[in-house]
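The values are calculated or read from the model by the stated rules, or taken from the named source; none is laboratory data. Predicted, not measured: the structure shown is a model, and the values here were computed from it. Counting neighbours? That spans all protein chains shown, and the Cβs are built from the backbone with ideal geometry, glycine included.
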Amino acid sequence: MLNCSTLDSIFSTHFDAWGVARIEPIDEEIAHLRKWLENGYAGEMGYMHRNLHLRANPKELLPEAKSMIMVLMNYYPREWQPKDKPQIAAYAYGNDYHHIVKSKLTELAEEINKVAPHKYAVFCDSAPVLERYWAARAGLGWIGKNGMLVNPKLGTFTFIGTLITSLELEPSEVMENRCGTCRKCIDACPTGAILNNPLPLRGLPLKQGENINAQQHTLKNNLNYTIDARKCLSYQTIEKRGEVDNELIEVAGNTLYGCDRCQLACPWNRFAHPHKHPELEPIEGIFEIDWASMSRSEFNRKLKFSPMQRAGLKKIKARYMQIEN
Ligand code: SF4
Ligand code: SF4
């Protein structure tokens, strides 16, 4: 079996944290997701309804899979956008992280191959993998009341990458949920998108060796919170077709693309520190863009590799006009 120090020397070259989860059935987590979808919380994100069988079992993505190596890449910015500008979520300051994380993971998977030949697949938001869930199982933090992965050393501003491998690896120690009685993210959310609305028990892990019943498990892990994506400004400004709903315009303020409010409110981010990844630096001039006059060719040139391509210029401009009016 590959030992922890070998893996550490491989993964700490490119990532800020890593951990291992053993692949096991995750029926409770899928039941939770099904109920979330039935409640309509996914809004127009039809893709969330597809491929549930793949989400339920990573072996569907790689039949030989035995372990998931989950990695975190810190993207906490050195410099924040001025508050008076139309606000872009920090993850979208730089180039699209999906390719960055995946290419690093592929490089490291090949490194492992030299020591221990294996079959593998790498993902970063690119396949139906429940990434926050598996990251929590891999001991990289816990899922906070706002649905974000909270890592006690890095905070919440991290990208999650997944390496599924045929190697049988020692699973990492699972971390206890440390949200406690805190509700800062809930109070910071301007739209009330974080609901205290119990869904079926989530399949989040217990601490290793712990044996508590389902109700204690739910309470211990604050699992009776969920997000109604339809109310979330990230969904409204990125995923949803058309403009931000009329009833949310006032509370949305100058939110242009994505929203970081609940993350910024999280006290665990006091331990966050600016990232050290040059490839995650902001796109030059991104804070100064004049969205009203930006042409399609300029958008495609300047923001060619930006995650903002997901919403597209038309939607971003429409949102900008809402802010200005
Ligand atoms: S991202 Fe913004 S709108 Fe969405 S839950 Fe967090 S604070 Fe609320
Ligand atoms: S703000 Fe508080 S409740 Fe929300 S994720 Fe952070 S610690 Fe948990």
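When the residues of the range 16-32 are filtered to those that are touching a helix residue (DSSP H, G or I) at 6+ places or on another chain (Cβ under 7 Å) and of a type in the set (A, V, I, L, M, F, W, C), the one that is modelled with the highest pLDDT is TRP18.
For the range 1-49, a tally of residues being touching a Pro at 6+ places or on another chain (Cβ under 9 Å) and of a type in the set (Phe, Trp, Tyr) returns 1. Might you let me know whether the range 286-308 holds any residue that is within 16 Å of ligand 2 (Cβ to nearest atom) and aliphatic (A, V, I, L, M)? Checking the range 286-308: not a single residue is within 16 Å of ligand 2 (Cβ to nearest atom) and aliphatic (A, V, I, L, M). How about the range 247-283: which of its residues are on the phi > 0 side of the Ramachandran plot and near ligand 1 (Cβ under 9 Å from one of its atoms)? Passing the criteria: only GLY258. The set of residues from the range 105-122 being closer than 26 Å to MET308 by Cα and either within 16 Å of ligand 1 (Cβ to nearest atom) or crowded, with 22+ Cβ neighbours inside 10 Å (or both) comprises LEU105, VAL122.
The lone criterion from (1) within 16 Å of ligand 1 (Cβ to nearest atom); (2) modelled with pLDDT of 90 or more; (3) over 22 Å from ALA56 (Cα atoms) left unmet by LEU154 is number (1). Hey, any hits in the range 253-264 for a residue that's assigned to a helix (DSSP H, G or I) and either without any contact (Cβ under 8 Å) to a residue 40 or more places away in the chain or among the polar types (S, T, N, Q) (or both)? Yes, the range 253-264 contains a residue that is assigned to a helix (DSSP H, G or I) and either without any contact (Cβ under 8 Å) to a residue 40 or more places away in the chain or among the polar types (S, T, N, Q) (or both). Within the range 20-43, residues that are over 27 Å from GLU239 (Cα atoms) reach partners that are surrounded by fewer than 14 Cβ atoms within 10 Å (Cβ to Cβ) with beta carbons closer than 7 Å, at six or more positions or on different chains, in the pairs VAL20/GLU170.
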